[in-house]
Every structure is written in structure tokens, then in C-alpha cells.
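Structure record follows, encoded as C-alpha cells.
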Amino acid sequence: MIALGIETSCDETSIAVYSTEHGTLSSKIFSQADIHANFGGVIPEVASRNHIQKIKPLYDECIKESGIDAYDLDIIGVTNAPGLIGALFVGVSFAKGLGYALKKPVLPVHHLSGHILSAELSYPELKPPYTALIISGGHTHIFDVDEALNFSLIGKTIDDAAGEVFDKTARVMGGPYPGGIFIQNMAEKGDRYKIKFPVAFKNEPKFSFSGLKTSVMNTINKGEYSLEDIAASFQYTVAKTLADKVFAVADAMKRDKVVIGGGVAANQEIRRVFNGEKGSKQVYFPEIARCTDNGEMIAYAATRFYKFRKFLNYKGSAYDTKHSIGI
């Protein structure tokens, strides 16, 4: 089976071709990070406009590089939720038009299930059941994934997502957007144990980072510690909080495998903490390139979800979570 994957949920336009026999044949990403850095965050209208400009050229490049004819595609997978509504409309509209022209089925893939399954691209031997954590600018969610590819939400943040609190903390420190790399680089020069920041819901499978964010801001304003120590202690607190809660859920669900995906999964401290405290658990992080939004994970997810035969008809819409496959 050969699948095309289309991802336009936020500020990355990405197209990929994946073969169940030969693996990824081509994967292209256009990142708008530098564009939105000028605004200190993602501007939805700007994101949508850039998706419109880039999606067709990326598709043409992918098909050419993959060495196939477009009619060789068996299925088209597209992110249809969640994300920025205007950005999603671009990808879904393109997928529907392409599906109509090529007479190929279109699968509406839930963005978070794509991130979870991306670890299977990096580790072909990995298969459910497992506990999965998604950490990104908009999500901090724990799922249980069973053998039948049922995704059960166990817990999530009640306020800021992990990536969001990294961005806001970096902004207070005078750093750029996005803030993850800035915090990570600054933390390398600091002491992770210097400051004990608060952790909410210690014994519950849910997250709240608003109190941590406020505590960091107050600590910066007091001027008693260096920014390097604050960054290191903040980053370690986030990493330890994530690890403690996820491993507790894995124990409760009797899962011996833990999957971590999403843009924040690229953070080196989070990887160190999870791998350092995994005990008998097997921990799976995708390669750094597969942590960010990408069409490769959507193409792969489409091949995994094809068995459900839930296709997007020509009246189907973006942000229709009831008809997303996966979650």
C-alpha cells in the first residue's frame, strides 16, 4: 500500500509518501517558524496563507522524489483535527480535490494519533499496547493505546500545554519564539536542582502548568537566582512531572511500553529524565525530525487506519473530530 500524507494543522506545511513495503519514499516540510517569530507566536491567517502557497509545490516535489505516479497512490491521509481551523481547511480541501481527481479514498486522521504512531516509524518492532504521551505547544495528553488501535484519554492539562509554558517562560526571559531551544540551551549552563518549583496534582494523571509558570515569573522578578539556574530548574520540573505521571499511568494500566511524541519530545532534558527513570519500562522517542508536525506520520497512520474503512466524503469538513480516525 502506498499512502500520501498531508499535514497543515498549524505552521508546518508537510507532504509525504509512505509505502508499507519500502518505507518512506519522500517527505517534505515547509516550516513557518521564522515567519511567526516576528510576531512572537503563530498568526492563524498568516499560517493559512502560507499553506495555500506551499502545499501544491510540496506535493509535486514529493511525487517526483518518490519515483511514483500520482495514480500509484492507494490512499490519501490528511490531518482534519485538531489545529487551526483555517490551516486545516487548506489541507483537507487539497486532499479532497486530489482524492476526487485521482479517484482515491481520503482518510481523515486525528493529529494526535499521528504523533503517537510516529514512534512506530522509528521503531518498526513497536506495536500496541502502550502508554502514550503527547507534548506540544497545544497539547499535554496521556493516552492508553490497545492492540486494536483504540486510543483512550487518561489525563491532560487543565490549562497551559507543556510547549506553551516553555514559550511563555522563554518570553519572560527575553528569549525568542518558539522558546524550547532557548530554554534548553540556557539550562545547560544552570543547576537543575537549584530551585524547587511547585508541581500540581502530584498523585493524579492530569497536568497544570499555570502555577509553575507564575512561580518562575516571580522567581525571575526577585532576582535571587541566575536565569541559567531558573531555566534548568524549570525544565527539570517539567520533565520530572511528565515522567512521574506517565510512568504511574503505565503501571496502573499494566503497560511495559511508553511512547512520547509531539514537538516538545525533542527536548533533551525530557529524554534524559524519561530514559533515566524508566526502570523496567521500554521508552520510545521518535527521531527529532519526526517530533515536529510532519506528513510522514499522517501517511503512516493512514496505512494503519485503512482497515477501519472510515473515509472522508466530499462534503466532509476540517475540524470534524467525530469523523477523525484514531482519537
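Where a number appears in this text, it was derived from the coordinates with a stated rule and is not lab data. Keep in mind that this is a model prediction, so the values were computed, not measured. Ideal geometry is used to build each Cβ from the backbone, glycine not excepted, and the neighbour counts take in all protein chains shown.
Figures for the structure shown
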{"item": "Mean Cβ count within 10 Å, highest first, over the residues of peptides 88-94, 186-192, 73-79", "result": "73-79, 88-94, 186-192"}
{"item": "Rg to Rh quotient for the chain, alpha carbon positions, Kirkwood Rh", "result": "0.98"}
{"item": "Ranked by how many other beta carbons lie within 10 Å on average, peptides 239-247, 30-38 from highest", "result": "239-247, 30-38"}
{"item": "Packing-based exposure ordering (other Cβ within 10 Å, fewest first) of His139, His22", "result": "His22, His139"}
{"item": "Unit charges on C-beta of K, R, D, E only; dipole of the chain, Debye", "result": "620 debye"}
{"item": "Share, in percent, of DSSP beta bridges within the chain that are antiparallel, nearest 5", "result": "60 percent"}
{"item": "Ranked list, fewest to most other Cβ atoms within 10 Å of each Cβ, for Met1, Met253", "result": "Met1, Met253"}
{"item": "Label point distance in nm, Met217-Glu21, each placed 7 Å from Cα along Cα→Cβ", "result": "5.7 nm"}
{"item": "Full-extension gain in nm, Lys307 to Gln53, via 0.36 nm per residue minus C-alpha separation", "result": "88.1 nm"}
{"item": "Ranked list, fewest to most other Cβ atoms within 10 Å of each Cβ, for Thr303, Thr131", "result": "Thr303, Thr131"}
{"item": "Check: the range 126-288 dipole with +1 on Lys, Arg Cβ and -1 on Asp, Glu Cβ, in debye", "result": "200 debye"}
{"item": "DSSP-defined beta bridges in the range 126-288 - what % are antiparallel, rounded to 5", "result": "60 percent"}
{"item": "Relative intensity, log₁₀ I(q)/I(0), of the range 85-220 from a Debye sum that treats every alpha carbon as a point, q = 0.14, 0.20 Å⁻¹", "result": "-0.87, -1.23"}
{"item": "Added length on full extension, which subtracts the Cα-Cα distance from 0.36 nm per residue, Glu45 to Glu204", "result": "53.5 nm"}
{"item": "Residue-by-residue Karplus 3J(HN,Hα) for the range 242-258, coefficients 6.51, -1.76, 1.60, Hz, glycine and proline x", "result": "4, 5, 4, 5, 5, 5, 5, 5, 4, 5, 5, 8, 6, 9, 9, 10, 10"}
{"item": "Sum of -39500 (n - 2.57) over DSSP H runs of 4+, divided by residues of the chain (222 nm, nearest 500)", "result": "-13500 deg cm²/dmol"}
{"item": "Extension gain, Lys64 back to Met253 (0.36 nm per residue minus Cα-Cα distance, nm)", "result": "63.6 nm"}
{"item": "Interatomic Cα distance distribution for the range 140-189, bins of 10 angstrom, percent", "result": "25, 31, 24, 17, 3"}
{"item": "Residue (of Ser48, Tyr314, Ser93) at the positive-pole extreme of the chain, dipole from beta-carbon charges", "result": "Tyr314"}
{"item": "With eigenvalues of the C-alpha gyration tensor scaled by 5 and rooted, the range 10-117, Å", "result": "24, 15, 14"}
{"item": "Environment charge at Asp34 (Cβ cut-off 13 Å; Lys +1, Arg +1, Asp -1, Glu -1)", "result": "-2"}
{"item": "Proximal lysines relative to Lys222, as straight alpha-carbon distance under 19 Å, when same-chain residues fewer than 8 apart are discounted", "result": "Lys168, Lys194, Lys196, Lys213"}
{"item": "Nearest 10 degrees, 0 to 90: helix 44-66 Cα axis against the chain principal axis", "result": "60 degrees"}
